[in-house]
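Shown next, in structure tokens, is the structure this report addresses.
The values are calculated or read from the model by the stated rules, or taken from the named source; none is laboratory data. Keep in mind it's a predicted model, so treat the numbers as computed, not measured. Heads up, the Cβs are rebuilt from the backbone with ideal geometry, glycines too, and the neighbour counts pull from every protein chain shown. SASA here: full protein model, heavy atoms, side chains in, ligands and nucleic acids out. Shrake-Rupley method; radii C 1.70, N 1.55, O 1.52, S 1.80 Å.
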Amino acid sequence: MNLKSLFKQPQNTLEGTESEQNVKVNAKTGDFNCPGCGAPLLRTEVRVNYYSCPKCDYYFRIGGRRRLDFICDKGSFKEFDADMISHDPLTFPNYSEKLDAARQKSGEKEAVICGVGKINGYPCAVFSMDANFMMGSMGAAVGEKITKLFEYATENKLPVLGVTVSGGARMQEGMVSLVQMAKTAGAVKKHSDAGGLYIVLLTNPTTGGVTASFAMLGDIELAEPGALVGFAGPRVIEQTLRQKLPDGFQSAESTLKCGYIDAIVERPHQKNFITALLKMHNGGFCDAVN
Amino acid sequence: MPSINKSYEKVLRARGKQRPVASDCIAACISDFIELHGDRGCKDDSAIIAGIGYLGQMPVTVIGIEKGHTTPEKIAHNFGAASPEGYRKALRQMKLAEKFHRPVLCFVDTAGAYCGIEAEEHGQAEAIARNLAEMMTLKTPIISVIIGEGGSGGAIGLAVADEVWMFSGAYYSVVAPESCANILWKDMSHADEAAESLCLTADPLLELGIIDRKIEEPENFLKQQVNDEFFNALRIGLYTTFEKLCSKSTRELLDTRYEKFRRVGRYD
Ligand SMILES: [Zn+2]
């Protein structure tokens, strides 16, 4: 796999900026070239291959809802707080326009989808972030939705599966967004103390204030191959240190070697892998001793 | 939000090297301070000072992000940019405080957590995340005081507290105004506008419920003229607040702490 092409894209620390995968689609045929290996690809062959390149395993970024289709049993997902939106707490310049554009682009109201579903029959609280919505950045609505999901899971004795993709805290909400880190981390901790299992699936890229809060607090941390996982974005580190970063820096593979990821799981195997973990944990909730 | 004039000027002044730093605050507020080192993992991060001392008659655990004043001091403390080992050292001291029901006092002054290859490889994100989660349920009172720079994740990693206080000349922000300007306006010269828009000074943050108290600084708040009156008042304020927090049951303390953060950005 050509890792370099994966690392060019995410480019910030705690703040979310838009970053797109540069795929030029042939308007006539609907075909395109793989950004990883350059091979010409057909839409359909990519689709049946879990949105990855059959030649080089390049992973195309997919929306939060498609993720849920991959992981939850058909028709089992019930969404919570689907209409919750951010209220521009600081009346930040151009923020409301950006929110409108993000809604248009992603078809979502916010950067995370939360709810309950079944994974091969196992009931589970699930959240799935969406990179098309302001790079999956966390503002008050994202923080609130995730917090409520963990509180629901604690109350109803459910495990939580979280699929992350994010540029970090949403700077247009200022400190309100930074505090969501503490708020979500607190909700994760309470769920954990009550005996709940929390599995994280890190996808490309997960950085900034999301990594530094709920994304790194899983009992089990899984990642997609090649996913960039970090605190500071690679561009920021390069600018700060004025040096090129080593190849593969902050990739899931090197993060695993550093000791912060339990396993790297390819897209087609993720559902069964998660199911096996839920089964080994008796469904993923164990009443705490005290 | 009301417009607070000159936010950016405040940011620049908060970075001034003659302002009192964490070690000055510790010297002025704490007696018989004993510094304790190391994260028991792999190193002792000099950007964070941790130890135990007396606040009046009360033993307290004190943690400070230290910037130093002179260039050699700044280098020795890595310019107040803490590594993952620093956050873990802080957490180790907090867990010891919890065991002995001793209050925890944090002085926060950092432009941000250290940004570098080793910090990433040693889990900067994990270390901060762990502190957020552990501090939320730490069974002893915590007060965090933003004394100068409250830079993003590196600051909140020591600022999950029953009360978050802020010096009137400090700032607390999700992002440096310069970076914000760079990203949103593609131009650093908009830092002024960015600072204004980010609502990073004490007054709007008080209004948003993000801090609990603003500590009014004297004019020309400089190290050389460290003001006894100011630090006396701070010491008394900390003491009486810890007394009040210590009188709560653990359940009440933790529920109130959780709810305080829970409320920020709540939706009905
Ligand atoms: Zn390819």
Would it be correct to say that A:A223 is on the phi < 0 side of the Ramachandran plot and within 7 Å of chain B (Cβ to nearest Cβ)?
-> no
Check the stretch B:171-187 and report whether any residue there is under 25 Å from B:R88 (Cβ atoms), aliphatic (A, V, I, L, M) and away from chain A (no Cβ under 11 Å).
-> no
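Matching residues to (1) more than 27 Å from B:P177 (Cβ to Cβ); (2) among the acidic types (D, E):
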| site | (1), (2) |
| --- | --- |
| B:Y87 | no, no |
| B:E98 | yes, yes |
| B:C106 | no, no |
| B:E121 | yes, yes |
| B:R130 | yes, no |
| B:K139 | yes, no |
| B:S144 | no, no |
| B:G150 | no, no |
| B:E163 | no, yes |
Would you mind finding the one in A:V265, A:V229, A:V236 that is under 23 Å from A:G117 (Cα atoms) and not acidic (D, E)?
-> A:V265
Subset of the stretch B:166-190 (residues that are open to solvent by 60 Å² or more (accessible area, probe 1.4 Å) and part of a helix (DSSP H, G or I)) = B:N182, B:M188, B:S189
Spot the failing condition for A:V163; the list is (1) over 27 Å from A:A276 (Cβ atoms); (2) under 16 Å from the mean Cα position of the chain (by Cα), and only one is missed.
-> (1)
Report the residue count in the stretch A:33-53 for those that are open to solvent by less than 20 Å² (accessible area, probe 1.4 Å) and more than 10 Å from the ligand (Cβ to nearest atom).
-> 0
Go through B:A155, B:A125 for me and flag whichever is more than 7 Å from chain A (Cβ to nearest Cβ), of a type in the set (A, V, I, L, M, F, W, C), crowded, with 24+ Cβ neighbours inside 10 Å and part of a helix (DSSP H, G or I).
-> B:A155
Open to solvent by 10 Å² or more (accessible area, probe 1.4 Å) and either facing chain A (nearest Cβ under 10 Å) or under 30 Å from A:M216 (Cα atoms) (or both): does that describe B:E243?
-> no
Condition check for A:L217: crowded, with 16+ Cβ neighbours inside 10 Å and out of contact with any Gly (no Cβ under 7 Å at 6 or more places or on another chain) | yes
Subset of the stretch A:54-105 [within 16 Å of the ligand (Cβ to nearest atom) and not charged (D, E, K, R)] | A:P54, A:C56, A:Y58, A:Y59, A:F60, A:I62
Scan of the stretch B:30-48 for residues that are more than 22 Å from B:N232 (Cβ to Cβ) and of a type outside the set (D, E, K, R), ordered by number | B:I34, B:L36, B:H37, B:G38, B:G41, B:C42, B:S46, B:A47, B:I48
Which numbered condition B:C115 fails, given (1) surrounded by fewer than 23 Cβ atoms within 10 Å (Cβ to Cβ); (2) within 13 Å of another protein chain (Cβ to nearest Cβ); (3) assigned to a helix (DSSP H, G or I); (4) in contact with a helix residue (DSSP H, G or I) (Cβ under 8 Å, 6 or more places away or on another chain) | (3)
Does B:I236 fit the bill of being more than 10 Å from every other protein chain (Cβ to nearest Cβ) and in a helix (DSSP H, G or I)?
-> yes
Within the stretch A:202-227, residues under 19 Å from B:G153 (Cα atoms) and among the hydrophobic types (A, V, I, L, M, F, W, C) come out as A:V210, A:A212, A:F214, A:A215, A:M216, A:L217
Scope the stretch B:191-217; condition among the acidic types (D, E), in contact (Cβ under 8 Å) with a residue 60 or more places away in the chain and either under 19 Å from B:V108 (Cβ atoms) or open to solvent by less than 10 Å² (accessible area, probe 1.4 Å) (or both); matching residues = B:D203
Residue check for B:G41: over 20 Å from B:I147 (Cα atoms) and among the small types (G, A, S) | yes
Quick one: in the stretch A:226-251, which of the residues that are in contact with a Leu (Cβ under 6 Å, 6 or more places away or on another chain) and in a loop (DSSP other than H, G, I, E, B) is farthest from the other protein chains (Cβ to nearest Cβ)?
-> A:G226
Of the residues A:D81, A:D73, which single one is more than 27 Å from A:M171 (Cα to Cα), in contact (Cβ under 8 Å) with a residue 24 or more places away in the chain and in contact with a Lys or Arg (Cβ under 7 Å, 6 or more places away or on another chain)?
-> A:D73
